[in-house]
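In what follows, a single structure is set out as structure tokens and then discussed.
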Amino acid sequence: MAYISGEILCRKCMLENMDQADIIRHLDSYVADLPKDVRANEDEYQKRLTLCASCEYLLNAACRLCGCYVQARAAKKNQRCPIAKHPKWTEQIEKSDEIVITR
Ligand code: SF4
């Protein structure tokens, strides 16, 4: 498929001609390169991906509600599922480290 300048393609059409394995490899690399302070912890990330995997809005590794690749969205701790009233997963709440006061 050749891209014609000015022609608007939907994500579904673009993905039709892309190799899914390449997309997943790219997403794995993107997630691995996220800064530690941005990234959700591994348990939370896997929990989110499991919920997305069984979701009716998942299409070719992307969420049909927000348009994000779910791997990229789920990897960020401050992200949430875009379902408005009852999201399937929400922001990762971090417990603060023990506060140590020194004199
Ligand atoms: S982010 Fe939410 S709506 Fe989108 S695929 Fe995942 S669980 Fe479904």
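The values are calculated or read from the model by the stated rules, or taken from the named source; none is laboratory data. A quick note: this is a predicted structure, and the numbers were derived from the prediction, not measured. In this analysis, Cβ positions are derived from the backbone assuming ideal geometry, glycine residues included, and neighbour counts consider all displayed protein chains.
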(message) Need pairs with beta-carbon distance below 6 Å; first residue modelled with pLDDT of 95 or more and surrounded by 16 or more Cβ atoms within 10 Å (Cβ to Cβ) and within the range 57-85, second aromatic (F, W, Y) and in a loop (DSSP other than H, G, I, E, B); sequence gap 6+ or separate chains.
(response) C63/Y57; C81/W89
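Name every residue in the range 38-56 that is more than 12 Å from the ligand (Cβ to nearest atom) and either touching a residue at least 40 places away in the same chain (Cβ under 8 Å) or touching an Asp or Glu at 6+ places or on another chain (Cβ under 8 Å) (or both), in order of residue number.
Passing the criteria: V38, A40, N41, E44.
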(message) Condition check: within 10 Å of the ligand (Cβ to nearest atom) and in a loop (DSSP other than H, G, I, E, B). Does P35 satisfy that?
(response) no
